[in-house]
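What follows is a short report on a single structure.
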Amino acid sequence: MNRENIDVLVIGRSCLDYIAVVNRFPEENQKAPLEFRLTEGGGQGGTASCCISRLGGKVAYFGKLGDDDQGRFCLQRLNDFGVTTDFIEIVRGGKTPVAYLFVTASSGHRTIIYERNLLPGITIDEPLKTMAAQSEIVLLDPEVTYLGGQLKAAGDGSIKIVYDCERWREGIEDVMVAADYFIPSAEFLDSDHLNFGVISFNRKVAKLNAMVSGQLVVTRGEKGAYYPVDGKLYQVAAPAIKAVDTIGAGDNFHAAFALALKKGLDLHQAVKLSVAVASLSCREFGGRNGIPQMQEAMQVASKLEEKVLQP
């Protein structure tokens, strides 16, 4: 792939997911039978990259993997999806992180136990600056929160940063200012660091909106996504999709949103496409198996409507 034709640059975590599907998640000190299991590449950055490629976008993934079996598996899966992997550093003697995911088949809900990434942190160098400038759209996952302010400062104003906010992390105040699109899940609004107290969801969105410099979009699972514009709060509800596994929904939302920006969609259209992609991706087990192609995603998105909510 011509590096100058990259639509989106994704920076962040890639790991190996061990996925176990059970009919009922057991209580502590209890047990439940395993229905089936599968192994898939994971990590927010890794899965988002695969989603962008499946949607027809040209994507480069910038991250690190160990030179172990887990790293080789993750690299192969990225290549299987057509992701440009030229900028992945294989760390000699490094240990690729793994995650254990338990999916409850009856609800589609997932429980994740993840391994902390002990590979060296990603730093901004000239190749990264060049790729970011050429793609213009950069998706940062939670593991590289600390790069937000640095990357913005390193650019000439042409780089648009989409930030996948999972939880409060070191450097998040900087990325609140640096990100052009700050996209947390609804759970982030209940962070102890924000200390919003007992107020309505809509008021929490308004308070967080006052803290970020760019556009805020909040994902809320089955309820879709919410975003404030010119004093109004909009909601795009999720389509009626039978979800069997929500592992990659958030990652795929951010991926679709970043690609939508590159394709020139306006904010309302970008949110609709992202809600559609995230929802459709829940049809299959594993964060990547259910990702739709762009035509199907656009068809579903075209039927969604934005709703103006009362403050």
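Which residues among the stretch 1-41 fall inside the zone where the amide N is under 14 Å from a point 7 Å beyond the Cα of Asn79, along Cα→Cβ?
1
Within the P(r) computed for the stretch 23-106, what percentage of the Cα pairs occupies the region above 15 Å?
Cα-Cα pairs of the stretch 23-106 separated by over 15 Å account for 63 percent.
Give the distance, in whole Å, between the Cα centre of the stretch 39-81 and the Cα centre of the stretch 119-194.
19
When only alpha-carbon atoms count, how far does the stretch 174-253 stretch along each of its three principal axes, as whole angstroms with the largest first?
The Cα atoms of the stretch 174-253 stretch 35, 28, 26 Å along the principal axes, largest first.
Among the GluC sites (Glu not before Pro) in the stretch 1-86, which ones are in a DSSP loop with at most 10 other Cβ atoms within 10 Å of the Cβ? Mind listing them?
Glu27, Glu28
When the Cα atoms of the chain are enclosed in a convex hull and the volume is divided per residue, what value in Å³ results? It would help to have the intermediate numbers written out before the result.
Working: hull volume 42.2 nm³, N = 311.
Spread over its residues, the Cα hull of the chain gives 136 Å³ apiece.
Just to be sure I understand: with springs between alpha-carbon atoms less than 10 Å apart, which residue in Ile247, Ile52, Ile112 has the highest mean-square fluctuation in the Gaussian network model of the chain?
In the Gaussian network model the winner is Ile112.
Could you tell me what percent of the DSSP beta bridges with both partners in the stretch 137-255 are antiparallel, to the nearest 5? Spell out each step's value before the answer.
Values: 7 of 18 bridges.
Around 40 percent antiparallel, to the nearest 5.
What distance in nm separates the two pseudo spin-label positions at Glu170 and Ala154, each 7 Å out from Cα along the beta-carbon direction?
So the label points at Glu170 and Ala154 sit 1.8 nm apart.
Using a 10 Å cut-off around each Cβ, can you sort His193, His268 from fewest to most neighbouring Cβ atoms?
Result, fewest neighbours first: His193, His268.
Sort out for me the Cα centre separation of the stretch 202-219 from the stretch 228-280, rounded to whole Å.
16
Describe numerically, in nm with one decimal, the distance between label points set 7 Å from Cα along Cα→Cβ at Val308 and at Ile113.
Computed distance between label sites Val308 and Ile113 equals 5.0 nm.
Quick one: among Lys58, Lys31, Lys272, which has the greatest mean-square fluctuation in a GNM of the chain with alpha-carbon springs under 10 angstrom?
Lys31
If you look at just the Cα atoms of the stretch 40-157, how large are its Rg and its Dmax in Å?
For the stretch 40-157, the Cα radius of gyration and maximum Cα-Cα distance read 15.2, 49 Å.
Using a Gaussian network for the chain with springs between C-alpha atoms less than 10 Å apart, which of these wobbles most: Thr219, Thr85, Thr123?
Ranking Thr219, Thr85, Thr123 by mean-square fluctuation puts Thr123 first.
Report Rg/Rh for the stretch 208-311, rounded to two decimals, where Rg is the Cα radius of gyration and Rh the Kirkwood radius. Don't jump to the answer; show the numbers that get you there.
Details: Rg = 13.2 Å, Rh = 13.7 Å.
In the stretch 208-311, Rg relative to Rh is 0.96.
What ³J(HN,Hα) values, in whole Hz, does the Karplus curve 6.51 cos²θ - 1.76 cosθ + 1.60 give for the stretch 55-63 when θ = phi - 60°, with x put for Gly and Pro?
In residue order, the calculated couplings are 6, x, x, 9, 10, 10, 10, 10, x Hz.
With a point put 7 Å past each Cα toward its Cβ, work out how far Ala20 is from Asp266 in nm, to one decimal.
Reported label-point gap for Ala20 and Asp266 is 4.9 nm.
May I ask what percent, to the nearest 5, of DSSP beta bridges between residues of the chain are antiparallel? Numbers along the way, then the final one.
Numbers: 23 of 53 bridges.
Rounded to the nearest five, the antiparallel share is 45 percent.
Read-outs: derived from the displayed coordinates by stated rules, not from any lab. Treat the numbers as computed from the prediction; the structure is a model and nothing was measured. Heads up, the Cβs are rebuilt from the backbone with ideal geometry, glycines too, and the neighbour counts pull from every protein chain shown.
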